[in-house]
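The values are calculated or read from the model by the stated rules, or taken from the named source; none is laboratory data. If you're wondering where the values come from, they're calculated on a predicted model, not measured in any experiment. FYI the Cβ positions are ideal-geometry reconstructions off the backbone, even for glycines, and counts take in every protein chain you see. Ligands, DNA and RNA are excluded from the accessible area calculation, which covers all protein heavy atoms including side chains. Shrake-Rupley method; radii C 1.70, N 1.55, O 1.52, S 1.80 Å.
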Amino acid sequence: MQQRTLDAGGLSIAISEAGGGERHLLLVHGFTGAKEDFGEVLDRFAAAGWYTVAPDLRGHGSSSQPASEEAYDLELFADDVWTLVDALGWERLVLLGHSLGGMIAQVAAARHPDRLEGLVLMDTSHGPPDGIDGSLIDLGVAVAREHGMEVLGELQAEHADPMGTPAAARLRAERPGWDAFERSKFLNSSAAMWAAMAPKMLSQADRLDSLSTLSMPVLVVVGEQDEPFLGHSQRMAKVIPNARLAVIPDAGHSPQFENTEAWWAAVASFLEEVA
């Protein structure tokens, strides 16, 4: 695995990459995540024959972090996906999006379905996620704008995490340094991005009808404990013509960490069929 930075439409996009050749796989992380969310599997995908890239989205990690909230929405993130794909010199690819990344992937897929050999929608939704308290989002926006990400993180620690699951608790207990890893990704995210995207994810238009027009092979994968996204995943798998659903046991919102082998088996078998 190597890391480098690319220019994508005037933004600096940091990527991790592994492998080479003509089979292309782009892995897009979620809200306040980072390319490191796929760092442990990049070489594994490369060994299976895939030129695999995981970027930091704008406002995240080591990529550009525009100061204006107007610089963040799903359409702009989808712009970045295709600009990055072009900068890599890829004509066709398989696109995997996790959580917010899955929402971005849906928008990107609707634009250029002919360029996607396959699509993986991972722990994501076709509209506003279930069970998110809008009043807490409003409070979080105010705190992010006024005090930044560190104070926002302290506020979030005082409230129940809607993505908190038994699988997440087990992962925290079993992996030394996990809390520090999660905190680092959060603090390396832009406060403007958080303030813009948190409410937009709750008010976004529903895409279920448009997803029903996709014709490429689609894998919808979700942790069995990921309640805000489980129903969405079931509905997407039902309406997308060439889709299948993989529910990962003993996993929540991050099945690539919480049940790595079951997640890998689902994704790798899908990629083999696409290839």
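Observations
- Two-decimal log10 I(q)/I(0) for region 208-256, as the Debye equation yields it once each C-alpha is a single scatterer, q = 0.26, 0.33 Å⁻¹: -0.89, -1.15
- Of interest is the spacing of the C-alpha centroids, which for region 188-209 and region 129-187 amounts to 15 Å.
- Sorted peptide list for 70-77, 48-55, criterion being average Cβ within 10 angstrom, highest first: 48-55, 70-77
- Expressed to the nearest 5 percent, the antiparallel share of DSSP beta bridges inside the chain is 30 percent.
- Within the chain, helix-based [θ] at 222 nm, where runs of 4 or more DSSP H residues each add -39,500 (n - 2.57), nearest 500: -13500 deg cm²/dmol
- For the chain, the square roots of the Cα gyration tensor eigenvalues, ordered a ≥ b ≥ c, give a/c below 1.5, which places it in the rounded category.
- Under a model in which nothing but the beta-carbon of Lys, Arg (+1) and Asp, Glu (-1) is charged, region 1-41 shows a dipole of about 60 debye around its Cα centre.
- Farthest towards the positive end of the charge dipole of the chain, among the residues Ala192, Ala8, Val94, is the Cα of Val94, using unit charges on the Cβ of Lys, Arg, Asp and Glu.
- Positive-end residue, the chain charge dipole about Cα centroid, Cβ charges, pick of Gly131, Gly30, Ala237: Ala237
- 1.4 Å probe accessible area per residue over the chain, in Å²: 41
- Helix screen, the chain: DSSP H segments with Cα axial length of 20 Å or more and mean Kyte-Doolittle hydropathy at least 0.0 are 74-88, 260-274.
- Taken about its Cα centre, the chain carries a charge dipole of about 420 debye when Lys and Arg each add +1 at the Cβ and Asp and Glu each add -1 at the Cβ.
- Additional length obtainable on full extension of the chain from Val151 to His112, 0.36 nm per residue less Cα span: 10.1 nm
- Global form of region 74-137, assessed from the alpha-carbon gyration tensor, a/c cut-off 1.5: prolate
- Computed Kirkwood radius, in angstrom, where 1/r is averaged over Cα pairs of region 1-42: 11.5
- Note on region 1-129: Cα-only Rg and Dmax are 13.3, 40 Å.
- Unit charges at the beta carbon, dipole of the chain: most positive-side option, Gly223, Thr165, Val143: Gly223
- Cα gyration tensor category, rounded, prolate or oblate, for region 95-221 with a/c compared to 1.5: prolate
- Surface share of carbon and sulfur [accessible, 1.4 angstrom probe, percent] for the chain: 50
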